[in-house]
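Some notes on the structure that comes next.
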Amino acid sequence: MLSALALSILLGSSKSYAAPPEPPAPLVSDQTARNRGAYPRIRSQPDGATDVFFESGGHDMRWDVLHAIEYVTPAGAIPYTKVGNASGDYLVSEQLLYNFVTNTAVPGPSDRMSIHRDVMVWNGGGALAYTNVVTGAGGSVAGWLGRDPYDPSTWEGWVAYTFYNGSWPSIGLHHIPTDTTLPEPYPSGDDRHPNLSMGKLVYESRSWELAWQYMGQPWTEKQVPLASWCTRYSRPKIGGRWGQLVAYQAECGGGRYLFVANIDNGNLYFVDAVGGGDVGFDIQLDRMAYVDGADVIHLIRFDELSM
């Protein structure tokens, strides 16, 4: 559907679509996997090589996009429900650590992990635990006042996580190399599901809205551009080569739709109907993978300069 919308712009078509009023995102390409599936995760490299991992028919699939090849990855304890950050030679999934070079997977220490470069972070018995997956060095930190952390997201030594500050969730931020925790909850109030990348933090703020901040600058909360006719904006993720894009899902008129906002200029773009639950999409650099309402796996590439 998205390709047709993009083509209508190029050809000047006046055809109307039963879709949100925001314009479709400018595209360079739109590709689909041969197999339908769920829970896509991207491994997008600077040289353009891209893999998409997803679950299909009880199998864990790897889609080598450049060579148009799909094959089953090594069997694990449970399917590869992609929730971690991909980087380098590793990707973390629901309870597995996958090594691209050896094409093998080993059980992970938790059901929610995050990884950037070689450092993996998770909730280790009420504390933030971390390990270097190459050297094996690691440890743990208590986090803000020792609160029980969950939903960690890590980037360049920083870890953002959700914890309960009394009866409501808040977000903590810790710098592992210096063992430094910001002295107060990073954003205040009812905030959750943080995502770190490219020097920015994005998260669900109060009343199901979305906010973002620059790293290390508390109390500078900025609003993510939202689709005004939708509600319950959730699961934001940072993309773009400069960290200027935020992808998120929203509930609109009984359906669930995917949007991309440019937080540098305020532009907002409609992508497609989205399936696959709360982790039905991923964004890395200028590429996005998602599951549409018919369980079709898409990999799209944005023309960032047009956004």
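The values are calculated or read from the model by the stated rules, or taken from the named source; none is laboratory data. Remember, predicted model here, so these are calculated numbers, not experimental data. Please note: Cβ atoms are built from the backbone with ideal geometry, for glycine as well, and neighbour counts cover all protein chains shown. Just the protein is used for accessible areas: all its heavy atoms, side chains included, with ligands, DNA and RNA removed. Shrake-Rupley method; radii C 1.70, N 1.55, O 1.52, S 1.80 Å.
Computed quantities for the displayed model
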read-out	value
Selected residue (only one of 20, 24 is at pLDDT below 90 and more than 28 Å from residue 122 (Cα to Cα))	20
Residue within the range 144-159 that is farther than 26 Å from residue 132 by Cα, surrounded by 19 or more Cβ atoms within 10 Å (Cβ to Cβ) and modelled with pLDDT of 85 or more present	no
Restricting the range 213-225 to residues that are open to solvent by 10 Å² or more (accessible area, probe 1.4 Å) and more than 14 Å from residue 170 (Cα to Cα), the residue that is modelled with the highest pLDDT	225
Residue count for the range 226-264, restricted to those that are open to solvent by 30 Å² or more (accessible area, probe 1.4 Å) and either at positive phi or touching a residue at least 12 places away in the same chain (Cβ under 8 Å) (or both)	14
Residue within the range 107-116 that is touching a Ser or Thr at 6+ places or on another chain (Cβ under 6 Å), more than 19 Å from residue 50 (Cα to Cα), buried (at least 22 other Cβ atoms within 10 Å of the Cβ) and modelled with pLDDT of 80 or more present	yes
Odd one out for residue 294, checked against (1) open to solvent by less than 20 Å² (accessible area, probe 1.4 Å); (2) within 21 Å of residue 70 (Cα to Cα)	(1)
Filtered residues of the range 221-246 (kept if among the aliphatic types (A, V, I, L, M) and outside any strand (DSSP E or B))	224, 226, 227
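Quick grid of which residues meet (1) in contact with a helix residue (DSSP H, G or I) (Cβ under 7 Å, 6 or more places away or on another chain); (2) hydrophobic (A, V, I, L, M, F, W, C):
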{"site": "241", "(1), (2)": "yes, no"}
{"site": "245", "(1), (2)": "no, yes"}
{"site": "252", "(1), (2)": "no, yes"}
{"site": "258", "(1), (2)": "no, yes"}
{"site": "271", "(1), (2)": "yes, yes"}
{"site": "286", "(1), (2)": "yes, no"}
{"site": "292", "(1), (2)": "no, no"}
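Residue by residue, here is whether (1) outside the structural domain of residue 96 (by the TED database); (2) part of a strand (DSSP E or B); (3) among the acidic types (Asp, Glu) holds:
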| site | (1), (2), (3) |
| --- | --- |
| 126 | no, no, no |
| 135 | no, no, no |
| 139 | no, yes, no |
| 151 | no, yes, yes |
| 161 | no, yes, no |
| 169 | no, yes, no |
| 184 | yes, no, yes |
| 193 | yes, yes, no |
